[in-house]
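Undergrad: Just dropping this structure here.
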Amino acid sequence: MGYPSMFLPAQGDPRLDEFVAAVNRHEVSQVHRDHALFDVAFALTCHGLTFADLGPEALLYHSQECRRLGLTTANIGDPGRHQGQVAWQVLHQMGHFPDGSPPRMKELLLPGQRSIAELVARRPIDNEPVRQLIIDYLTRRASEVAYSTLKNLARTIAHTFWRKIETINPGQCDLHVDHAVYAQWKAELRFRENGEPRTDAEHILLQIRSFYLDLHSWAVEEPERWAVWAAPCPVSRGDLRGFGARRRRLQERTDDRTRQRQPLLPILLAHVETRLEDAQNFLSLASSASPGEHLAHQGRSYRRAVEERLDFVGDPVVHAREVESNELIDVTALEESLFWEWATVEVLRHTGIRIEELVELSQLSVRQYQRPNGEVIALLVIAPSKTDRERVISMSADLFHVVAAIIRRLTRHGRKIPLISRYDQHEKTWSAPMPFLFQRQRGGTRAVISPQRVLRLLSRRCETLAEQHVAFRGLVFTPHDFRRLFATELVNSGLPIHIGAALLGHLNLQTTRGYVTVFNEDIVKHYQEFLMRRRALRPQEEYRDATRGEWKEFEEHFDKRKVELGSCSRPYGSPCAHEHACIRCPMLHISPKMVPRLDEIETDLRQRRERAEHEGWRGEIEGIDLTMSFLQAKRIEALRSQRLSQHVDLGLPNPAAARRD
């Protein structure tokens, strides 16, 4: 690793010296800066190139060959990763690569969208006219569906259906499928190629039936093009008989899954919060210790490691070695990992958003609305996924605390949230650079946390809990489980179901106005274009401007939510569903200042219960006990909010200052 310090100065190349200076300024740890210098020195030496000849093609070829030969010195222990990624970023930023080159090597390594012909060609079809028919059919459907849906449809029609039909009957030349051939195909459909039972057979039958019925309707509209392919659909209504019953069985299994996880959610929440607090205390304790100094944490003895390195912002990466086992622990990485586990669980359970919507949250999603009376309301804008609607969530104190903690972590030491692109695994596309919230440093690059990583961290937490709680054995929480639990809690607590659907993005939500920003104009442009593409999927009349009367009604809604004990968080346009029995209402958020008032209410309830016991009013006793249980939960929630509350500067813009700048 000392080779660059000898090789690079010996070249006498001013442009290469600029590269060395750019690497030293790049926001990565010193280890990855050393790796970037080594990668370039290694590539120039190995291939006999000058620095001017080191283009993107040469560096990509060098990285691929190193990976193939197991020479990934920059990623020891992980030969699956590519070498030279930090060097690529620096070379691109300093303008060494030609215009149009991607800013990151990964954009060339990850696949993009395939053409329809390529999707069909992945499943070889012998009959050329039928292959062309499938291409034409998918081409017409492409404007109606997302790429991921189109890819699945191509796999179903070309491979699962037609390729298997040709295998059963090699002489099949049109869509008139014989009953015996169809019966054999349907029997084979019950099992996958690996022999496992297939659970989505009905969905495949529906897609094949839709394929035939689409050709029927198109043959009426354009007989010269489609009539020759019109044929009786082999999938009869009888094949789909019982589909509703099977869907009900599926719904029953889903409901049972939710019932199993509902009582376990508080245990999971307490687990991730406790582990994070322990890790933060451990990091604080280890950071304050001198190198080689002994320290104790959670009943174990540790020694602060002597050799330390700096991370990408210049903070020391703290290591501690356990005295008993001599295990070296990266305390900084441990705290970082547990923080993102906690943030993911908290945002999912407070919002009920989908996993795609979670990873697409950005700093631009955090907005504020200031009322004429000066009250500021924090809002979280959820960009619609697929064809669902954009929606705005009024952030509770707990949700605001989580989002503020994420922003504070990403902007420590006065930094701005880095602008990075996100790769959509389903659509096979890269987004424009945006300040995503769920991003973290992975080696020498920053990347948005992937949905697969979210699934892994949730699975890892459940496996850890299974060692202590029998109920967690063989059980896994998924992001959609949090969504179902969120919806169940809302509806079962008495909230009207159409309001709950609106919070989940299934119905209209009034678009929030008053967006104030000091972000770079290009970033806002990219984000607005992203929203406009999503909005284009919906009718334009849904985005009309509010009238003066509607806006006045919207303003008055927030005044009506204020009650004695705090604030009601019921959505706009919904009346009080509990007839102002606030202490029992799940939508009531107690102000920490009103905890003494809760004590007074509890004293009064105890006196009423004594009277009810004396008079023998058993129904009254049951009602008072229920109210007492809600009161205790509200007190715990208020005290927890008081403990978590702290002043956090999110850097929200000052419009007047922005205009002066």
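The values are calculated or read from the model by the stated rules, or taken from the named source; none is laboratory data. This structure is a prediction, so every number in the text was calculated from the model and none was measured. Cβ placement follows ideal geometry from the backbone for every residue including glycine, while neighbour counts extend to all protein chains displayed.
Undergrad: Determine whether region 320-330 contains at least one residue that is surrounded by 20 or more Cβ atoms within 10 Å (Cβ to Cβ), of a type in the set (V, I, T) and over 17 Å from V448 (Cα atoms).
TA: No.
Undergrad: So which helices (runs of 4 or more DSSP H) are wholly in region 134-215 and hold at least 2 residues that are within 18 Å of L240 (Cα to Cα) and over 31 Å from the mean Cα position of the chain (by Cα)?
TA: 179-189
Undergrad: Can you name the condition, by its number, that A286 falls short on among (1) of a type in the set (A, V, I, L, M); (2) surrounded by 17 or more Cβ atoms within 10 Å (Cβ to Cβ); (3) closer than 21 Å to L465 by Cα?
TA: Checking A286 against (1) of a type in the set (A, V, I, L, M); (2) surrounded by 17 or more Cβ atoms within 10 Å (Cβ to Cβ); (3) closer than 21 Å to L465 by Cα, the one that fails is (3).
Undergrad: Within region 161-177, can one find any residue that is more than 22 Å from E193 (Cβ to Cβ), in contact with a His (Cβ under 9 Å, 6 or more places away or on another chain) and surrounded by 13 or more Cβ atoms within 10 Å (Cβ to Cβ)?
TA: No, that holds for no residue.
Undergrad: A follow-up question, please. Which condition does A201 not pass, out of (1) surrounded by 15 or more Cβ atoms within 10 Å (Cβ to Cβ); (2) under 20 Å from I134 (Cα atoms); (3) at pLDDT below 90; (4) among the small types (G, A, S), if it passes all the others?
TA: (2)
Undergrad: Report yes if E356 is surrounded by fewer than 19 Cβ atoms within 10 Å (Cβ to Cβ) and in a helix (DSSP H, G or I), otherwise no.
TA: So E356 passes the test.
Undergrad: Please tell me if E252 is in a helix (DSSP H, G or I) and touching a residue at least 60 places away in the same chain (Cβ under 8 Å).
TA: No: the conditions fail for E252.
Undergrad: Can you name the number of the only condition in (1) modelled with pLDDT of 90 or more; (2) surrounded by fewer than 15 Cβ atoms within 10 Å (Cβ to Cβ); (3) more than 30 Å from W430 (Cα to Cα) that W226 fails?
TA: The number of the failed condition is (2).
Undergrad: I'd like to know if region 44-55 contains one or more residues that are within 35 Å of the chain's Cα centre (by Cα), crowded, with 20+ Cβ neighbours inside 10 Å and free of Cβ contacts under 8 Å to residues at least 60 places away in the same chain.
TA: No, the conditions are met nowhere in region 44-55.
Undergrad: Does R257 count as surrounded by 11 or more Cβ atoms within 10 Å (Cβ to Cβ), in a helix (DSSP H, G or I), modelled with pLDDT under 85 and not hydroxyl-bearing (S, T, Y)?
TA: yes
Undergrad: Among the residues of region 410-423, is any farther than 25 Å from R367 by Cβ and touching a Leu at 6+ places or on another chain (Cβ under 9 Å)?
TA: Yes - at least one qualifying residue is present in region 410-423.
Undergrad: Right, L215: surrounded by 17 or more Cβ atoms within 10 Å (Cβ to Cβ), over 16 Å from K164 (Cβ atoms), out of contact with any Lys or Arg (no Cβ under 6 Å at 6 or more places or on another chain) and assigned by TED's automatic domain parsing to the domain that holds W162 or not?
TA: Criteria met by L215.
Undergrad: Quickly run through region 386-408 and pick out the residues that are within 18 Å of the chain's Cα centre (by Cα) and at pLDDT 85 or above.
TA: Matches in region 386-408: L399, F400, V402, V403, A404, A405, I406, I407.
Undergrad: Just to verify a result, which residue in region 120-133, among those that are of a type in the set (D, E, K, R) and assigned to a helix (DSSP H, G or I), is surrounded by the most Cβ atoms within 10 Å (Cβ to Cβ)?
TA: Ranking the qualifying residues of region 120-133, first place goes to R131.
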